[in-house]
Amino acid sequence: MDPALRVLTESMTRQQRLVLIIAVLASFVAFLDSSVINVALPAMTGELGGGLTVQQWIVDAYLITLGSLILLAGSLSDVYGRIVVLRVGLIGFGVASVLIAVAGSAEFVIAMRAVQGIAGALLVPSSLAIIMSSFRDAAQAKAIGQWTAWTSAAFLAGPFLGGVFVDYLSWRLVFAINVIPIIVTLILLGMLGQKDIRRAGVHIDYPGAVLGIIGLGGPVFALIEQGNLGWAHPAIYLPFGLGLLSFAAFIWWQSRAKNPMLPLELFRIRNFSAGNLSTALVYGALSIGGFIVVIFLQEVAGFTATAAALALLPVSIGNVLLSSFFGGLSGKYGPRLFMTAGPIIAGAGYLLLLGMGQSVNYLVNVLPGILLFAVGLSMTVAPLTAAVLGSVSAAQSGIGSAVNNAVARVAGLVAIAMLGVIIVGKLDVDGFHRVLIVTAALLILGGIVSFVGIRNPTKSAEPSGEQPAA
């Protein structure tokens, strides 16, 4: 066991240990799927048909429902309890994963990916929220660091396992492997025995959910399909316009709804608003950068799925080894320095990847940039999460986590949808380089936003509201 994790768990109660393990495993499921999908895309479209557009939809069908409904998960947790919502999310994710594993068409895969997104919307916010309600102050920052490190193991194991399955067995097993951690987590939830916390008088914001789905789905559909139909086609500009109007109506409704999905007053908190803006930039970059590198290595540079997955292995190793370390430093010295330097270093790593061309030498063209990116990302993730969620009270941790995750997923959704606009046609070296530059620019801008907007918190009494679990 990681020495840092041993020290942390030895100071916990049995219930806190179970909470941390459950949170890690529940998030592991969603992160495993996210880390595997890019490696499997070429094989999936090779068997089921379709090119870049279908690959974008396989990713974005998940992100549309995830990004739209992840805010609703906060209200669902308040009404039905975090444990119940977590359990439903795990079961739904498992069923959808099995159905994808036996899918006979790309359209069915896309539909089930949307179902996975619905289930995924219930997982990560709830798992983070039970951490936030069980740990405070430096212990909380360290617990988040451990959560980040161990869920990063999904990014370590996922691509490699996915590559091996794609090359030697079947891409379908990429989705079937989700079942194992889901079953283990459901068993541990039964062992936890923690009383669910429900808030009286909370109502589900169904109008907000509908407006959010249309507001995201319309523009994303237009951005992905514009390369096939053109912007002048009514099937493109009408959904785009309707989506923008729906998103504006969503913001208007949130300012007036009795129980809004998105409490706009949270954005009056400096670290919360600045942290979420940085989140949007950083996670938009992570989504578009990770997608394009793996696809380029396979479809242009001729790497196998396993080799493409191994190419990014240093990123996962760096997160596992360093996230807890930087999470602890963030708790001691504050997150601002790490949230500033981390994304800028990561952006510099992507600029180093510009040496990749039609022929790729991994040691010369890929590894230096990947190593630099890995260090920068490890500096960023745990401090960013701690800064955003640490800025709200324990009672608001559920919705705070949901908002931050929604921002991250929506940023990834829009970034993936924009690929066709950036690449302009079929993926080639020039289009790939344009995506790398956009990725680096987003990361560097995320660091600048953190430097300007984030303030290191002062030690204070625990925020009023829900108390940590015993």
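Annotations
- The residue that is nearest to Val124 (Cα to Cα), among those in the stretch 1-51 that are among the hydroxyl-bearing types (Ser, Thr, Tyr) and either open to solvent by less than 30 Å² (accessible area, probe 1.4 Å) or modelled with pLDDT of 80 or more (or both), is Ser27.
- Only a single criterion out of (1) at positive phi; (2) outside any loop (DSSP other than H, G, I, E, B) is not satisfied by Ser97, namely (1).
- Residue satisfying all of: in the stretch 71-87; hydrophobic (A, V, I, L, M, F, W, C) and at pLDDT 80 or above; nearest to Leu286 (Cα to Cα) among these: Leu86
Condition check ((1) modelled with pLDDT under 75; (2) crowded, with 24+ Cβ neighbours inside 10 Å) across all residues:
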position	(1), (2)
Leu63	no, yes
Leu69	no, no
Ala101	no, no
Phe108	no, no
Met112	no, no
Val115	no, no
Ile118	no, no
Ser134	yes, yes
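- Selection status of Ala309, surrounded by fewer than 24 Cβ atoms within 10 Å (Cβ to Cβ), small (Gly, Ala, Ser), in contact (Cβ under 8 Å) with a residue 12 or more places away in the chain and more than 18 Å from Lys142 (Cβ to Cβ): no
- Residue under evaluation Phe291, criteria (1) open to solvent by 10 Å² or more (accessible area, probe 1.4 Å); (2) of a type in the set (Phe, Trp, Tyr); (3) more than 29 Å from Val392 (Cβ to Cβ), criterion not met: (1)
- Contact annotation: residue pairs with Cβ atoms under 8 Å, 6 or more positions apart or on different chains, pairing a residue in the stretch 167-186 that is under 11 Å from Leu25 (Cα atoms) with a partner that is open to solvent by 50 Å² or more (accessible area, probe 1.4 Å), are Ile182/Ile91; Leu186/Arg87; Leu186/Ile91.
- Inspection of the stretch 178-191 finds a residue satisfying the criterion of being more than 26 Å from Thr45 (Cα to Cα), modelled with pLDDT under 80 and either in contact with a Phe, Trp or Tyr (Cβ under 8 Å, 6 or more places away or on another chain) or surrounded by fewer than 17 Cβ atoms within 10 Å (Cβ to Cβ) (or both).
- Unmet requirement for Leu337, which otherwise passes all of (1) without any contact (Cβ under 8 Å) to a residue 60 or more places away in the chain; (2) in contact with a Ser or Thr (Cβ under 9 Å, 6 or more places away or on another chain); (3) open to solvent by less than 10 Å² (accessible area, probe 1.4 Å): (3)
- The condition of being under 14 Å from Ser278 (Cβ atoms) and assigned to a helix (DSSP H, G or I) does not hold for Pro314.
- Scanning the stretch 349-382 for residues that are over 19 Å from Ile317 (Cβ atoms), part of a helix (DSSP H, G or I) and open to solvent by 40 Å² or more (accessible area, probe 1.4 Å) turns up Leu351, Leu354, Gly355, Val364.
- Residues satisfying the stated conditions in the stretch 65-88, i.e. more than 19 Å from the chain's Cα centre (by Cα), small (Gly, Ala, Ser) and assigned to a helix (DSSP H, G or I): Ser75, Ser77
- Qualifying residue in the stretch 192-206 (condition: open to solvent by 10 Å² or more (accessible area, probe 1.4 Å) and at pLDDT 85 or above): no
- The set of residues in the stretch 413-448 that are surrounded by 24 or more Cβ atoms within 10 Å (Cβ to Cβ) and either in contact with a Gly (Cβ under 6 Å, 6 or more places away or on another chain) or without any contact (Cβ under 8 Å) to a residue 60 or more places away in the chain (or both) comprises Leu413, Ala415, Thr439, Ala440, Leu442, Leu443.
- Residue within the stretch 232-254 that is in contact with a helix residue (DSSP H, G or I) (Cβ under 7 Å, 6 or more places away or on another chain), outside any helix (DSSP H, G or I) and open to solvent by 20 Å² or more (accessible area, probe 1.4 Å) present: no
The values are calculated or read from the model by the stated rules, or taken from the named source; none is laboratory data. These numbers were taken from a predicted model, which means no experiment stands behind them. All Cβ positions, glycine included, derive from the backbone under ideal geometry; neighbour counts span all protein chains shown. Note: areas computed on protein heavy atoms with side chains; ligands, DNA, RNA excluded. Shrake-Rupley method; radii C 1.70, N 1.55, O 1.52, S 1.80 Å.
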